[in-house]
1. Which of rounded, prolate or oblate describes region 147-196 when judged by the alpha-carbon gyration tensor and an a/c cut-off of 1.5?
2. How would THR40, THR235 line up from fewest to most surrounding beta-carbon atoms within 10 angstrom?
3. Going 7 Å from the Cα of ILE120 toward and past its Cβ, which residues in region 73-97 have a backbone nitrogen under 19 Å from where you end up?
4. Which ordering of MET361, MET119, MET300 is given by a fewest-first count of other beta-carbon atoms within 10 Å?
5. Which three lengths, in whole Å and largest first, does region 296-373 cover when its Cα atoms are put on their principal axes?
6. Please say if region 63-132 is rounded, prolate or oblate, where rounded means a/c under 1.5 for a ≥ b ≥ c the square roots of the C-alpha gyration tensor eigenvalues, and otherwise the choice is prolate for a/b larger than b/c and oblate otherwise?
7. Cut-off is 10 Å between beta-carbons; in what order do TYR370, TYR294, TYR191 appear when sorted fewest neighbours first?
8. For region 321-361, list residues with backbone N below 16 Å from a point placed 7 Å from the Cα of LEU309 toward its Cβ?
Amino acid sequence: MTSCAEPAASASSGESLWRHRNFRRYLTGLAVSAAGSSITQMALPVLAVLYLDATTAQVAYLTFLGQLPHALFALHAGALAERRSKRRQMITGDLVCAGVLVTVPVSAALGTLTLTQLMIVALVRGTATVVHDAAAISLLPSLVDRSLIQRSNSRVGALFGIAASGGSHFGAVLTAVLGPARALLGDAASYLISAGCTARIQALEPARVRVTSGSLRNEIGEGLRYVHGEHRLRTLTLVNATTSFAVGLFNTLGALYLLRTLAMSATAFGMVLGLGTLGAAAGALTAPALARRYGPGPMMTGALAITPLTQFPLLLASPGFGWQVAIGAALFLQFACAGAVGTTQRSIRQIITTAGMQARMQAVSTWLTYGARPVAALLAGGLGTWIGVRASLTVGAALLLVPFLILASSPLRALRQMPDPPGPATAPVQPQPRTGPSLVPEARRTQDDQSNWSLESDGP
């Protein structure tokens, strides 16, 4: 993988994204972190289900607490990202995640690890992730010209999926060799590498929001009104939220179903997750070409229509290697559809949003999208206890029809090309002008940037 410490190189509008050092450092940090997070995604359920003998309800609570911070803090994190240095906010989130994950193998070595501690770790890690992601996604439009956003998101999504797949496979190996608790050290190390790469990004960030009220409330309200008032943002955010709700139900019960009902080994479980993340990479990488050929709207609508069908192998499966292969293939297709839709809708939202609203727009989407998952986790726990795990997953498959119906009933279904950026006359927030070529070159930090680089005490 490309080192984040390579010497600087000048960037130009015709230069490959891979040769643009700020984008490369940004991408490297995200990819390494994604690989590490896949280790935790694979190892944590194994630790809870197989080693701590968690019940269905306890697995649901663990997932609920991991997703709860998105509902509680996403809007605040987005508003803070407009006020503060986005890079500093990303580094803070990475360091907190690394620190809290280290406590798990330490407690396991001392024989004091409990499900309660895992739930606290999930809550703290989820909060730090919200802080990081609110800044990370909104930073991208300041690294590249808007005409390159779709290509950039495609590269991010593809490498993210590849790294996540590698992380799942590596996590399976680490879990088998070291045990699930010590495997989490791999994720902790990935957060430290990500923080180092982010610290070396030198591009000039957009002008920050000038605080007049001393409160985040007005800024959060502006973000909510901005997304609600733009029909494309409103539709895509609603599609994301309803998809996330259905996926949240699967994420809550999926590990329990595969590990216990279908008797998958920890290694097979990691391999199946790895196939899914490879599908996400394939979908993200082919999204620009598919959008050019069929149009962004028809492509996203078709992918959302296919997604519910990919659940049939999971719902019909029984223990055995053949079904494991079928589930892996279906997961590959499901994630490919998700990667194509995710890359395209994120690019559309970033293109049509003004610079001063990027973080808040993304925060609203994160709040609704990931905020739906704690509710889905609680519903999954109740349904799993009441009607059984397989029947609950069937409900989740039916819910995947909702985002398809939302997009199919909106004007976006007919969108044939990527939209144009907003004109200055229609921009609700006027950012300060930014000069430079299409690929933004490295810029020296201003006095304000330098004074705000240190960590500040106030948080979301």
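All of the numbers you see were taken from the coordinates with simple rules; none came from a lab. Source: prediction; values computed, not measured. When we count neighbours, we look across all protein chains shown, and the Cβ atoms used for this are built from the backbone with ideal geometry, even at glycine.
1. On the way: a/c = 5.86, a/b = 2.12, b/c = 2.77.
Judged from the Cα gyration tensor, region 147-196 comes out oblate (a/c at least 1.5, b/c at or above a/b).
2. Values: THR40 26, THR235 19.
So the ranking, lowest neighbour count to highest, is THR235, THR40.
3. 96-97
4. Numbers: MET361 25, MET119 18, MET300 31.
With the sparsest Cβ surroundings first, the list reads MET119, MET361, MET300.
5. 53, 27, 15 Å, listed from the longest principal axis down.
6. Values: a/c = 5.29, a/b = 1.85, b/c = 2.86.
Verdict is oblate for region 63-132.
7. Details: TYR370 24, TYR294 14, TYR191 29.
Arranged by neighbour count, lowest to highest, TYR370, TYR294, TYR191 become TYR294, TYR370, TYR191.
8. So the set is 329-338.
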